[in-house]
Amino acid sequence: MDTAMPETMKAAAIDRFGGPEVFRVRSLSVPKPKPNQVLIRLDTAGIGVWDPEIRAGDFVLSKGFPQVIGNDGAGTVVAVGSRVRRFRVGDHVYAYTMKGGFYAEYVAVNQDEAAHIPPGVKRDEAGALGAVGITALAGLDGKLRIKRGERLMIIGASGGIGHLAVQFAKRLGARVFAVASGGDGVALAKKVGADAVVDGHRDDVAVAARKFAPDGVDAALVTAGGSDVDKGLAAVGDGGRVAYPNGVEPEPKVRQSVRVQSYDGTPDPDLIEKINQLIEAGPFHVHIAQTFRLDQAAAAHRALDVHHLGKLTLQPSAS
């Protein structure tokens, strides 16, 4: 590690599992990158909708306290391990790892869990790209195997995963029927390119979907749960496919003639490479609803329960 590197950093850490109040800004040691890791000075860290479950101890990703959660973010490479060949000090990157550590000024990740920030994506937006981008494309490409010309329904199209899924699906050649949340959500889904958009809280999704695809949509990606999701999925045609990330509740239910699959959006270097290729194909938007300081981590987690579009982020104080 560079001798000029600080020994300590600020982090929004937890000393026990519990509610948002367990966050404390702590002074912790700056991670030392292993041979295959890069050390990133973070500009932005993403706040995942699953982060409260990790904070509460429902999913334990690492042992011991103090613990720093957060799975994705973006910043500048400030040190590289001896086996790293893909990155150099000074590179601007975004990253996604299941090991946590992003609610801090610095994080060390394996080089396969990082990627150069593609042209057209701002550095603060890139901090919200990794986890939701991987999850969106893993569903579209890995599970649904969307083909050019297919008619795709995206439920939760104004959320973090959903608004990226709309853009990826259009680049894959699909016609997109988007189910968004609220008037502002409808506007966002239209902005990012959906062919047709309805408000899932006000409109009859099944009727609108049948109008969009009279013989049924070919596939559906469900990125948000709700009591009316299954009604909307009735518009999937016989032989169609449905995919949803694990954690969507209640789990979608479909008739026997429709295939439904759940999946995890886990870090994958091939998917990261494809994400960058798709982004570079044209204008791309990563929507940040609100950004919080490290000492506002508790408020950020409470804000997850309030209607918002896209994704929330933290901004560490490192510069």
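The values are calculated or read from the model by the stated rules, or taken from the named source; none is laboratory data. This is a predicted model, so every value here is computed, not measured. Quick reminder, even Gly has a Cβ in these numbers, built from the backbone with ideal geometry, and neighbours come from all protein chains shown. The accessibility values were calculated without ligands, DNA or RNA, using every heavy atom of the protein model including side chains. Shrake-Rupley method; radii C 1.70, N 1.55, O 1.52, S 1.80 Å.
For region 164-241, list the strands (runs of 3 or more DSSP E) that sit wholly inside it and hold at least 1 residues that are crowded, with 19+ Cβ neighbours inside 10 Å, free of Cβ contacts under 8 Å to residues at least 40 places away in the same chain and of a type in the set (A, V, I, L, M); which are they?
Numbers: elements: 175-180, 196-199, 217-222.
Here the list reads 175-180, 196-199.
Given the structure, is residue 270 at pLDDT below 95, surrounded by fewer than 17 Cβ atoms within 10 Å (Cβ to Cβ) and not in a helix (DSSP H, G or I)?
No; evaluated as a whole, the condition is false for this residue.
Can you name every residue in region 120-169 that is over 23 Å from residue 97 (Cβ atoms), among the charged types (D, E, K, R) and touching a strand residue (DSSP E or B) at 6+ places or on another chain (Cβ under 6 Å)?
Selection gives 150, 151.
Looking at 59, 87 in this structure, which one is in contact with a helix residue (DSSP H, G or I) (Cβ under 8 Å, 6 or more places away or on another chain) and free of Cβ contacts under 8 Å to residues at least 12 places away in the same chain?
Of the residues listed, the single one that is in contact with a helix residue (DSSP H, G or I) (Cβ under 8 Å, 6 or more places away or on another chain) and free of Cβ contacts under 8 Å to residues at least 12 places away in the same chain is 59.
With in a loop (DSSP other than H, G, I, E, B), under 19 Å from residue 296 (Cβ atoms), touching a residue at least 40 places away in the same chain (Cβ under 8 Å) and of a type in the set (Val, Ile, Thr) as the only criterion, which of 54, 69 stands out?
The match here is 69.
Keeping to region 17-32, report how many residues are surrounded by fewer than 18 Cβ atoms within 10 Å (Cβ to Cβ) and either over 24 Å from residue 56 (Cβ atoms) or modelled with pLDDT under 95 (or both).
3
Please pick out the residue among 66, 35 that is open to solvent by 50 Å² or more (accessible area, probe 1.4 Å) and either among the basic types (Lys, Arg) or farther than 21 Å from residue 295 by Cα (or both).
Of 66, 35, the one residue that is open to solvent by 50 Å² or more (accessible area, probe 1.4 Å) and either among the basic types (Lys, Arg) or farther than 21 Å from residue 295 by Cα (or both) is 35.
For the condition of a type in the set (Phe, Trp, Tyr), out of contact with any Leu (no Cβ under 8 Å at 6 or more places or on another chain) and in a loop (DSSP other than H, G, I, E, B), what is the one hit in 102, 87?
87
If a residue has to be open to solvent by 10 Å² or more (accessible area, probe 1.4 Å), modelled with pLDDT of 95 or more and small (Gly, Ala, Ser) to count, how many in region 101-130 make the cut?
Residues meeting the conditions: 2.
In region 242-263, which residues are open to solvent by 40 Å² or more (accessible area, probe 1.4 Å) and part of a strand (DSSP E or B)?
259, 260, 262 - these are the residues of region 242-263 that are open to solvent by 40 Å² or more (accessible area, probe 1.4 Å) and part of a strand (DSSP E or B).
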